[in-house]
Amino acid sequence: MSKFIKIGFLVLLLILVRVFQNTLFYDPFVAYFKRFIYSPALPEFEVIVLILNIFFRYLLNMMLSIALLYVVFESKSMVKFATLFYSITFVILIFAFVFLLLNLKEDAVMAFFYVRRFLIHPIFILLLLPAFYYQKMMKK
């Protein structure tokens, strides 16, 4: 299978995670942030279920992103670094997420929004792809 087909397939899978987010994951804050301007009242949510769903979504996006990095660069050292990066970042972000979730006040809603966004979307691939490409070009 061509490298470009593999890349396209992995990108499609990342897109499908986003498209089917409401079916695959429990997250009452999706609807909340869509209507936040009109109704700042917080939705009811189950803390443990929400955290587990955030974890599974992060894990799925992480695995797809690391697979994408491997297909693009074919480097085990880059995969090891990316796995370590994703793991450390998850620990930091999940602590911030839980803290903000349990102490959610009107003045911290946007901080909660952005921490949640980094956890549920594959944003880090946008940082790692160019960084690894730059590193590869500097070695040549």
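Here are the numbers:
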{"item": "Helices (runs of 4 or more DSSP H) within the range 41-140 that include 2 or more residues crowded, with 18+ Cβ neighbours inside 10 Å, of a type in the set (Val, Ile, Thr) and in contact (Cβ under 8 Å) with a residue 12 or more places away in the chain", "result": "47-73, 109-120"}
{"item": "Filter pass, Tyr114 being farther than 23 Å from Phe25 by Cβ and hydroxyl-bearing (Ser, Thr, Tyr)", "result": "no"}
{"item": "Residue satisfying all of: in the range 29-64; under 26 Å from Ile88 (Cα atoms) and not aliphatic (A, V, I, L, M); farthest from the chain's Cα centre (by Cα) among these", "result": "Glu46"}
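FYI, it's all coordinate maths here, none of it is from the lab. This structure is a prediction, so every number in the text was calculated from the model and none was measured. Methodologically, a virtual Cβ is constructed for each residue, glycine included, from the backbone with ideal geometry; neighbour enumeration extends over all protein chains shown.
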